[in-house]
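Heads up, the thing below is written out as structure tokens.
Every number in this text was worked out from the coordinates using simple rules, so none of it is lab data. Note that the coordinates shown come from a computational prediction; the quantities given were computed from them, not determined experimentally. Every residue, glycine among them, receives a Cβ derived from its backbone with ideal geometry; neighbour counts consider all protein chains shown.
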Amino acid sequence: MKKILSIAVIGLVAFALTACGKGGGDKAEAGKIIVTGKEFTEQIIMTHMLAEYLKANTDLDVEVKDSLGGVFVIQEAMKKGDVDLYVEYTGTGYLNVLDKEYKPGLSPDQIYDETKKEYKEKFNMAWLKPMGFNNTYALAVRSELAEELGIKTYSDLAKHSSKLSFGSDPEFFERGDGYDALVKEYNYDFAKQVNIDPDLMYTAAKDAEIDVITAFSTDARIKQYNLTVLEDDKNFFPPYYAAPVIRQAVLDANPGLEDTLNKLTDVLDDDRMQELNAQVNIENKEPEDVAVEFLKEEGLID
């Protein structure tokens, strides 16, 4: 009898631990949604863009928790059901959350499709349609230098690399998919390699202290400093297309929500996202105001 009771108790404890582990992640209350995002400018804009769009186009009670944290903080909060919706990047989901190994040449659609499939299977989370911009690593040079050398693509750069300097943050030089792999893929032979703080790279490129840098494609300083982003013609860098990620339970509890959110498909491109980031980082506007103004300009809210 004691053995039977012990087994029963163990079973109850295991069930309780499992339930606690889920933390409500498989449940959702109809009519309510919590929108969140990461801690940098672009993400704060995206958080408010989603929230204001939903407030204007649905009857949902929308709560905002901006600047929640990095990808793993948000992923755990999503799994527990503490938050419901945010914008993620395909490369981040594929490499960091799913722990996949990226092989140059995979198309953006392949990355998106596999990431979407595995998020649904492993986490019961849905990737909605991409919003249109790709915040990935990008090789950038001064525009006058690009024009002088006739450089448009990464492959073009190889012909001149032995006379140029290359700068990036220390992490890029240490990553397995960073500098060494890039040099191998495109047959580069840079005259000089410079470890530099990412916040200083753009100024260094502008002032001709470094010729080639690893920029982020939606960073406002690319335009501010008149830099040219080269075409990654062999798809070396993973695509980081932005798309809303939402708990499937929330979609199930709110019929029609997926169609509503998918109306944000391709509303942005890299240049427009740069402009929105610049309004915050350079013009000192509030991210929420920038998001609302954009939505009004696009006719997405009144």
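Please report Rg (one decimal) and Dmax (integer) in Å for the Cα set of the chain.
22.3, 87
Taking neighbour counts of Cβ atoms within 10 Å as a proxy for exposure, in what order, fewest first, do 136, 260 appear?
The fewest-first ordering by Cβ neighbours comes to 260, 136.
For residue 296, go through the aspartates and glutamates and keep the ones whose alpha-carbon is under 14 Å away, minus same-chain ones fewer than eight residues off.
Candidates past the 8-residue exclusion: 52, 288.
What residues from segment 261-297 fall in the zone where the backbone N is under 19 Å from a label point 7 Å along the Cα-to-C-beta line of residue 143?
Counting only backbone N, you get 269-279, 282-283.
Give me the extension gain from residue 121 to residue 209: residue separation times 0.36 nm, minus the current Cα-Cα distance, reported in nm with one decimal.
26.9 nm
If the viscosity is 1.567 mPa s and the temperature 4 °C, what translational diffusion coefficient in µm²/s does Stokes-Einstein give for segment 249-302 when Rh comes from Kirkwood over Cα pairs? If you can, show how the numbers build up before the last one.
Values: Rh = 12.8 Å.
This corresponds to a translational diffusion coefficient of 101 µm²/s.
Could you give the length gained by full extension between residue 233 and residue 58, i.e. 0.36 nm per residue of separation minus their alpha carbon distance, to one decimal place? Present the calculation step by step, with values, prior to reporting the outcome.
Working: separation 175, 0.36 × 175 = 63.00 nm, distance 4.13 nm.
Full extension of this stretch gives 58.9 nm more.
Could you work out how far the C-alpha centroid of segment 232-302 sits from that of segment 170-212, in angstrom?
Answer, in whole Å: 29.
Over 29 Å between C-alpha atoms is what I'm after, so list which of 163/206; 117/285; 65/120; 80/103; 100/206; 100/184 land there.
Result: 117/285; 80/103; 100/206 exceed 29 Å.
Multiply the residue separation of residue 82 and residue 40 by 0.36 nm, subtract the distance between their alpha-carbon atoms, and state the gained length in nm to one decimal.
So the chain would gain 13.1 nm between residue 82 and residue 40.
How about segment 106-184: which trypsin sites (Lys or Arg not before Pro) there lie in a loop by DSSP and see at most 15 other Cβ atoms within 10 Å?
Taking segment 106-184 and a limit of 15 other Cβ atoms within 10 Å, the loop trypsin sites (Lys or Arg not before Pro) found are 152, 159, 175.
Can you pick out the pairs among 152/223; 32/55; 116/234; 129/223 whose Cα atoms lie more than 20 Å from each other?
116/234; 129/223
For 192, 129, 38, what's the fewest-to-most ordering of other Cβ within 10 Å of each Cβ?
192, 129, 38
With the cut-off at 1.5 for a/c, could you classify segment 188-248 from its C-alpha gyration tensor as rounded, prolate or oblate?
prolate
Could you pull out which residues in segment 166-202 have an amide N less than 18 Å from a spot 7 Å beyond the Cα of residue 224, following the Cα-Cβ vector?
The answer is 169, 197-202, whose backbone nitrogens lie closer than 18 Å to the label point.
Can you give the helix-only mean residue ellipticity at 222 nm for the chain, where every DSSP H stretch with n ≥ 4 adds -39500 (n - 2.57) and the sum goes over all residues, rounded to the nearest 500 deg cm²/dmol? Spell out each step's value before the answer.
Working: 14 runs with 136 residues, N = 302.
Using -39500 (n - 2.57) per qualifying helix, the result is -13000 deg cm²/dmol.
Please list, short to long, the whole-number percent of alpha-carbon pairs of segment 108-244 in consecutive 10 angstrom bins beginning at zero.
Bin by bin from 0 Å, the calculated values are 12, 39, 30, 14, 4, 0.
Which of the GluC sites (Glu not before Pro) across segment 244-285 are loop residues per DSSP, with 13 or fewer other Cβ within 10 Å?
Numbers: sites: 258, 275, 283; in loops: 283.
Of the GluC sites (Glu not before Pro), the ones in loops of segment 244-285 whose Cβ has at most 13 other Cβ atoms within 10 Å are 283.
Add +1 for every Lys or Arg and -1 for every Asp or Glu among the other residues with Cβ under 14 Å from the Cβ of residue 35, and state the total. Please report the intermediate quantities before stating the final value.
Values: positive: 32, 38, 55, 65, 247; negative: 52, 61, 63, 66, 82, 84, 88, 288.
Net charge around residue 35: -3.
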